[in-house]
């Protein structure tokens, strides 16, 4: 921890492991619950815990976007669609498909890959940064905005415009898909 | 006091990614498959923001590229959710079901 930082983070392991546990349990509930509404509520809980993790990583703007867009926008859309389709009949049906064994094998292989990558050591160090960086963040939102919009440092201006085009296409696509007759 | 490093966040992201993959591969309900895709995208976002913080430690507080990428990923997630749920509504109108393995018109 950098002692020069005016406001060093307190009890970081406590909050990290608490939020991580909420996220993992929420994720497990998402993929195991029979009722899709329960899954959606578990996903909202996991996403809010992830916003807390973002705050721990000094990313307040991303945390706010996470809460507003995910927990507030996308999840409301999910719940709305769950209400539109009939879940009563679906809850009486089989919840896992016939390929679940192959699926678990594939996921296990991916997990083995992750474990192999994260435990690989070169010269006694893992491949990924172990150190912790603490600095005092004051202008996170301004920094993000200057990367996105500024003329001098706006590396991502074009990508931002492309993203707006993507959203326009998504709006039109959603309307075309969901409307009965165009 | 335990040392919370960037690697901790990466392992948490990997665990979430795996949960999402298991959900996509094993569930039948399309809504829950889409939610699992959201889990995967969030795991990627977590990695991006964790690496952004590490990068800031090297290049100063203005190096926020990871967070900008996370915002783009969130934009993509919103677009994907809107289109995916639109497809789901069209699908439910035609087949009266939300199970992925009952959609096999395009299956050879």
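Please treat every number below as a calculation from the coordinates, not as lab data. From a predicted model like this one, the values you see are computed outputs, not experimental measurements. Note that each Cβ is placed from the backbone with ideal geometry, even for glycine, and that neighbours are counted across all protein chains shown.
Kindly indicate whether residue A:35 is in contact (Cβ under 8 Å) with a residue 40 or more places away in the chain, in contact with a strand residue (DSSP E or B) (Cβ under 8 Å, 6 or more places away or on another chain) and over 21 Å from residue B:80 (Cβ atoms).
Details: in contact (Cβ under 8 Å) with a residue 40 or more places away in the chain: yes; in contact with a strand residue (DSSP E or B) (Cβ under 8 Å, 6 or more places away or on another chain): no; over 21 Å from residue B:80 (Cβ atoms): yes.
Here the answer is no, as residue A:35 does not meet what is asked.
From the list B:7, B:16, B:39, B:64, which one is surrounded by fewer than 21 Cβ atoms within 10 Å (Cβ to Cβ) and either at the interface with chain A (Cβ under 7 Å from one of its Cβ atoms) or touching a strand residue (DSSP E or B) at 6+ places or on another chain (Cβ under 9 Å) (or both)? Step through it out loud before you land on a result.
Values: B:16 fails: surrounded by fewer than 21 Cβ atoms within 10 Å (Cβ to Cβ); B:39 fails: surrounded by fewer than 21 Cβ atoms within 10 Å (Cβ to Cβ); B:64 fails: surrounded by fewer than 21 Cβ atoms within 10 Å (Cβ to Cβ).
Being surrounded by fewer than 21 Cβ atoms within 10 Å (Cβ to Cβ) and either at the interface with chain A (Cβ under 7 Å from one of its Cβ atoms) or touching a strand residue (DSSP E or B) at 6+ places or on another chain (Cβ under 9 Å) (or both) holds for just one of B:7, B:16, B:39, B:64, which is B:7.
So for the range A:53-63 (the condition being in a helix (DSSP H, G or I), in contact with a helix residue (DSSP H, G or I) (Cβ under 9 Å, 6 or more places away or on another chain) and under 18 Å from residue B:100 (Cβ atoms)), does at least one residue qualify?
Applying the first criterion (in a helix (DSSP H, G or I)) to the range A:53-63 yields A:53-56, A:60-63.
Among the residues that remain, those that are also in contact with a helix residue (DSSP H, G or I) (Cβ under 9 Å, 6 or more places away or on another chain) are: A:53-56, A:60-63.
In the following step, the residues that additionally are under 18 Å from residue B:100 (Cβ atoms) were identified as none.
No, the range A:53-63 has no match at all.
Just give me the residues in the range A:64-92 being over 22 Å from the mean Cα position of the chain (by Cα) and more than 7 Å from chain B (Cβ to nearest Cβ), in sequence order.
Taking the range A:64-92 as the starting set, the residues that turn out to be over 22 Å from the mean Cα position of the chain (by Cα) are A:83-92.
Result: A:83, A:86, A:87, A:88, A:89, A:91, A:92.
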